[in-house]
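First comes the structure, then the notes that go with it.
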Number of protein chains: 4
Amino acid sequence: MGTRMIWLATPVLAYALSAGADNNPVDEKWWPSEFGAADEVGAANYITPQKRIEAVKLVKRGKTATLGMPYSNYMPAVLGRTFSITIPSGTAATHGPFPWLNSHYGQYFFDEFVAGELGQSGTQWDGLAHGAIGVEGVPGWKDGLYFYNGVRVQDIGTARGFRKNGPEKQPGFFTRGIMLDIAALKGVTRLPKGYAITMADYKAALEKQGIADVGQGDVILFRTGWTGLWKTNHIGRPSGMEKAKTDEQMAKDNAETNDGEAGVHPEVCDYLATKKIAMVGSDTWALEAFPPVIQGKTVYCHMNLLVRRGVTNFENLDLDQLSEDKAYEFLFTWAPLKLVGATGSPGNPIAAY
Amino acid sequence: MGTRMIWLATPVLAYALSAGADNNPVDEKWWPSEFGAADEVGAANYITPQKRIEAVKLVKRGKTATLGMPYSNYMPAVLGRTFSITIPSGTAATHGPFPWLNSHYGQYFFDEFVAGELGQSGTQWDGLAHGAIGVEGVPGWKDGLYFYNGVRVQDIGTARGFRKNGPEKQPGFFTRGIMLDIAALKGVTRLPKGYAITMADYKAALEKQGIADVGQGDVILFRTGWTGLWKTNHIGRPSGMEKAKTDEQMAKDNAETNDGEAGVHPEVCDYLATKKIAMVGSDTWALEAFPPVIQGKTVYCHMNLLVRRGVTNFENLDLDQLSEDKAYEFLFTWAPLKLVGATGSPGNPIAAY
Amino acid sequence: MGTRMIWLATPVLAYALSAGADNNPVDEKWWPSEFGAADEVGAANYITPQKRIEAVKLVKRGKTATLGMPYSNYMPAVLGRTFSITIPSGTAATHGPFPWLNSHYGQYFFDEFVAGELGQSGTQWDGLAHGAIGVEGVPGWKDGLYFYNGVRVQDIGTARGFRKNGPEKQPGFFTRGIMLDIAALKGVTRLPKGYAITMADYKAALEKQGIADVGQGDVILFRTGWTGLWKTNHIGRPSGMEKAKTDEQMAKDNAETNDGEAGVHPEVCDYLATKKIAMVGSDTWALEAFPPVIQGKTVYCHMNLLVRRGVTNFENLDLDQLSEDKAYEFLFTWAPLKLVGATGSPGNPIAAY
Amino acid sequence: MGTRMIWLATPVLAYALSAGADNNPVDEKWWPSEFGAADEVGAANYITPQKRIEAVKLVKRGKTATLGMPYSNYMPAVLGRTFSITIPSGTAATHGPFPWLNSHYGQYFFDEFVAGELGQSGTQWDGLAHGAIGVEGVPGWKDGLYFYNGVRVQDIGTARGFRKNGPEKQPGFFTRGIMLDIAALKGVTRLPKGYAITMADYKAALEKQGIADVGQGDVILFRTGWTGLWKTNHIGRPSGMEKAKTDEQMAKDNAETNDGEAGVHPEVCDYLATKKIAMVGSDTWALEAFPPVIQGKTVYCHMNLLVRRGVTNFENLDLDQLSEDKAYEFLFTWAPLKLVGATGSPGNPIAAY
């Protein structure tokens, strides 16, 4: 997830909300997980063999969409993160030449050097070692930062990765996916900044799109139109081709991206928490609306879904082809990179329909 | 791909081979591609809607295997590459706290910082901007390094990515996959270093496993047992848990990994080149046997499959669960990260069966 | 050096200039160097033992100034470069604990992980493998990119460093330094964007400051006031302390920094080229004025000093303390990091007076 | 500093030592510093203007030595650290071309991309936010990790740098330096692994070399011969030139480097702690002998000098030229990179004599 700290100090009118407003981190005893005290997988456990067999039946047209956004040095970077791709060669090649019997031929190979907060840049999946709830001075709780399943960060942290809850423990997501196209529902290219998708929107979208509500083990994706702001940033860069937009426009679009977004209302997250979904996702960088709906509860959904229930969260997806194809129900298939002890993963999931 | 330059100077007995031995880089006019002179996708084009619809029928048990290896600082690094994961926190957290209405709670977030030759480390997919054939002083050819579809590297190179043939152009692989378990065929844990899988092995494995030969649009994976050497390196590292192996054993295993491997014989690659497969893969770091079969043709298969025909190549896969489950035929599903202009991608494909 | 490409297309009125305007890259045969055809050191060769013995006599007050700027994630980044510092710890420490005989004590160690274009970020020294002149289709010249001493980049490039002209070959700078405070001369905090320091300014500053002109082996530094724009960016960041400026102000200041700067007029560089100086420096990111003085000769001084004569160039220095102390003449002492085959080096030189 | 954890578990015979053996981290109240409770500079404060004026008198021959080792991908990496230099270009250049009035010319620029634990790789200076003493369950002490001047790491840590004790606070070192050539004293190329330089050695070296003992504000450097093991690793690499040593020899030398070293005996560190020196340094990666002299006090000198007294520590220096020139007393001049909130700095100090 990525938010700008500016919201912490921003006075926001408190939304009268029964669902999440009084729901404090310790108001619920959220571990051990229903999958056992030793579980490091979370909601992906809901995907059963039977679920997978059902899910492949959704592949009817034989069409696929890849849901990842392009990764480049031109993506908007939130929270001061870094993302750099370079091609090492020094005018030659990264490796080679490996000769080919005579002096006229050679084989050469190129690599890319990437540096940055990999699992939290661009299209990014928040794993179970990404978000933590800090508790201090609460009776019955040992002070500390808590990940999914009550794992205290202080007990599992190392400089090179967390000993628990890493993506290498995940079994992958191969299940029914649904996409709610809220931008289309509202008839806009992009929802307004700060707009929070409500339960009413949720139900209206299901009805309009003619699909069944999420069930156990499903992946649900929300489309707001926000990744459209930076989808073409890389085209024509770094040089030599016609650019899709000017440097000035790109800077403006990236600043707008970082400044806020539409998202999902806490009441929807509370609802999804009851449905035993396998994963949630969106075309935004933090799932949640910014400025936030509830004053002082900046990232409510991260707490209630990711930390408490192990429902991981896929951000900055490209849902445009699904929208164009009106593909609202599909086989969703993806597994995170097994980055040992990491907090998340980049990704490019496939939806097949 | 990753080889140690030591083989360049190693005297190797030339294998008498009709298939590849006389096949020089310019002996065939390998572009324009059959998909058109502007194509940047290659063999993934062979996967049709009909192919996808057929492929999902292979999901019978409702089981999945993730084929990626764990990424960690402890992987064997070939060709002097780098791979580093660290968790930025300075004893605190990467981001936060974001407060939660009262002073007892906070939300904290962690990232990982990754640096290295990302698309060419660990489980790695060689894209169409990875391997090039260099030609110098050959009548009818402009001197230069040539990628798939005759793209001259000198014409498309930039410091931040290639203008053509990048992974962001790929449509993804959602198709029939087959796995030939050659280690099992030979009754060994791991094939000997330098062993090259022949057409006879190939046919024997198909027969033993009872599956049909590859067809157009298929993905074919070869299991040699070699990733077993480093599969548990990360367990117990960096500290604090019981290690799966000692530092000394890990150093020895990594050195053995880098020193050579079993692989696919050029005659098999020549055969596959005729079958219009969508992708080839293996549990080795370079697909090909090292020391190489043909003196002076170190990476023949890369030339004939990747560069000439656009058949991309997935390396360092973990094929052990498929072997244990005797899952020889499956739905293979994966798309590379859309690293703009990059040479490859890390990955964790799913096989469903 | 760092410029934004925007100037390439900016129509700028050509300055009538005899010195540099007609001086094309090939109008002078600039190699072999006067230090020999094999020389990889350049103008640092002008510093003799006698020169060093003379230089230490400039240390009269026993005072020192460090001339490096703070390196942080908040520096302005030109040309899309990256600079990231993170502290790996995952709430623990980078290394440790190493126990101390009993269970009450331990020793812990922390590292920083840095990623970026190191020798070309913040305070940066341009070495002899940084700038090259490209020549194509000129009779008597082999096409190619040429570094100092006629070294063709194509002949020495590798993915991991250049085989010649790297900083590891430099002997270090321990010599007389002078600083011309042009901002003070003009009575401004910061010279206007695009202002080019002329020979008249140069002479006026020498006279006002009461120091002798540069001689053989000297280092000369120009103060424009431009690093003042970002000198306090890091103060109070990333969090927890009072910030020296708001995020908005920082973004504005960085944008202003990247958008142009004052610099040295080509006629001054031509003059310096005759004086056999050891190095030139400034408190700007590229030494030269932007927008450039001469249309189409964006970085004239880099060509005439760095490439042709091996006069290296120290950018983004902090010359404020020297200005406050009116320390115009001093012992300058510094050597680049021996980054093998690199293009430059970060630095924090000492001026003693 | 860099040690392999293997020593933690290695049974070593306890050396009978009065000086350090009973000296526990809390046996001394080591803050506030004599420079004040707010001091973040430490022992560099001992260098006065008068000291500097005296120091320049040591420059008699007009000769300089640069004391940094070459930084390359081929350095021995301790503690699993990373160091990577690559040249981004993709066969072209990092930046450019910037045109030059007509189509025959262009200007091109190259950068290097560096990734790694910068201040703790190769020649490295340990700053005041590198080493910490952990205290747990000791009456009168708040549990935590303590840096110099009693700064609790937990109070100043952020993911992007420490709020106190960073290198950007240092004034630089411009003072008398002395070098004790213990390898020469013993008549060896390199002291044996684990050899600890005693007070007797210390006094013998001073006498043999004919120099006065360290005084307040001095820098003292110890030469053991250990950097000789890897000094030429980079020569001829990555390719294309004659290598100074084979890959096998390099791997062996790096392993030997990482496996232990000679160093300074705790009794010498205790002595230096009384002399108010400004800095200590050596041609080893950790100053101290490994395996360590005192069982269970792996890095005693780091505790007693760096943490308690703010005496920073320069490691992996190249002292060979000083040895060859018998330059035992010199002006030492260097300042760390102002890496904000970092733990150390790379460097290439100058000794002038």
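Worth a mention:
- Residue within the stretch C:41-49 that is at pLDDT below 95, within 13 Å of chain D (Cβ to nearest Cβ), surrounded by 16 or more Cβ atoms within 10 Å (Cβ to Cβ) and not in a loop (DSSP other than H, G, I, E, B) present: no
- Hits in the stretch B:134-153 (condition: more than 9 Å from chain D (Cβ to nearest Cβ), under 17 Å from D:Gly90 (Cβ atoms) and either touching a residue at least 12 places away in the same chain (Cβ under 8 Å) or under 22 Å from the mean Cα position of the chain (by Cα) (or both)): B:Gly134, B:Tyr146, B:Phe147, B:Tyr148, B:Val151
- Some residue of the stretch D:147-154 being farther than 26 Å from C:Tyr74 by Cβ, among the basic types (Lys, Arg) and open to solvent by 10 Å² or more (accessible area, probe 1.4 Å): no
- Scan of the stretch C:154-179 for residues that are part of a helix (DSSP H, G or I) and either touching a residue at least 40 places away in the same chain (Cβ under 8 Å) or under 30 Å from C:Lys57 (Cβ atoms) (or both), ordered by number: C:Pro167, C:Glu168, C:Lys169
- D:Lys29 open to solvent by 20 Å² or more (accessible area, probe 1.4 Å), at pLDDT 95 or above and not aromatic (Phe, Trp, Tyr): no
- Elements of type strands (runs of 3 or more DSSP E) contained in the stretch C:257-353, each with 1 or more residues being more than 21 Å from C:Thr64 (Cα to Cα) and touching a residue at least 40 places away in the same chain (Cβ under 8 Å): C:312-315, C:344-346
- Any hit, the stretch C:333-352, residues being surrounded by fewer than 24 Cβ atoms within 10 Å (Cβ to Cβ) and either modelled with pLDDT under 95 or touching a helix residue (DSSP H, G or I) at 6+ places or on another chain (Cβ under 8 Å) (or both): no
- Which numbered condition A:Leu221 fails, given (1) more than 14 Å from chain B (Cβ to nearest Cβ); (2) assigned to a loop (DSSP other than H, G, I, E, B); (3) in contact with a strand residue (DSSP E or B) (Cβ under 9 Å, 6 or more places away or on another chain): (2)
- Scan of the stretch B:301-323 for residues that are more than 23 Å from B:Phe35 (Cα to Cα) and within 13 Å of chain A (Cβ to nearest Cβ), ordered by number: B:Glu315, B:Asn316, B:Leu317, B:Asp318, B:Gln321
- Residue in the stretch D:155-169 that is farthest from the chain's Cα centre (by Cα), counting only those that are under 25 Å from D:Pro349 (Cα atoms) and open to solvent by 10 Å² or more (accessible area, probe 1.4 Å): D:Lys164
- Unique match (being surrounded by 20 or more Cβ atoms within 10 Å (Cβ to Cβ) and in contact with a His (Cβ under 9 Å, 6 or more places away or on another chain)) among C:Ile197, C:Ile220, C:Ile178: C:Ile197
- Restricting attention to the stretch C:94-110, the residues being in contact with a Leu (Cβ under 8 Å, 6 or more places away or on another chain) and among the hydrophobic types (A, V, I, L, M, F, W, C) number 1.
- Hey, D:Leu287 in contact with a Ser or Thr (Cβ under 9 Å, 6 or more places away or on another chain) and either within 13 Å of chain C (Cβ to nearest Cβ) or open to solvent by less than 10 Å² (accessible area, probe 1.4 Å) (or both) or not: no
- Candidate set: the stretch B:50-63, residues that are more than 7 Å from every other protein chain (Cβ to nearest Cβ), among the basic types (Lys, Arg) and touching a residue at least 40 places away in the same chain (Cβ under 8 Å); chosen: the one surrounded by the fewest Cβ atoms within 10 Å (Cβ to Cβ): B:Lys60
- Criterion: under 19 Å from the mean Cα position of the chain (by Cα) and open to solvent by 30 Å² or more (accessible area, probe 1.4 Å) - qualifying residue of D:Asp247, D:Asp259, D:Asp213: D:Asp259
- Of D:Gly106, D:Gly172, D:Gly131, D:Gly122, all but one fail to be at negative phi and at pLDDT 95 or above; the exception is D:Gly131.
- Within the stretch C:240-287, the set of residues being closer than 22 Å to C:Leu118 by Cα and of a type in the set (Val, Ile, Thr) comprises C:Thr257, C:Val280, C:Thr284.
- Qualifying residue in the stretch A:95-103 (condition: among the polar types (S, T, N, Q), modelled with pLDDT under 90 and over 30 Å from B:Trp125 (Cα atoms)): no
- Residue in the stretch C:145-153 that is in contact with a strand residue (DSSP E or B) (Cβ under 7 Å, 6 or more places away or on another chain) and either in a loop (DSSP other than H, G, I, E, B) or farther than 30 Å from C:Lys276 by Cα (or both) present: yes
The values are calculated or read from the model by the stated rules, or taken from the named source; none is laboratory data. Everything numeric in this text was worked out from a predicted model, so none of it was measured. Heads up, the Cβs are rebuilt from the backbone with ideal geometry, glycines too, and the neighbour counts pull from every protein chain shown. We work out accessible area using only protein heavy atoms, side chains counted, and drop any ligands, DNA or RNA first. Shrake-Rupley method; radii C 1.70, N 1.55, O 1.52, S 1.80 Å.
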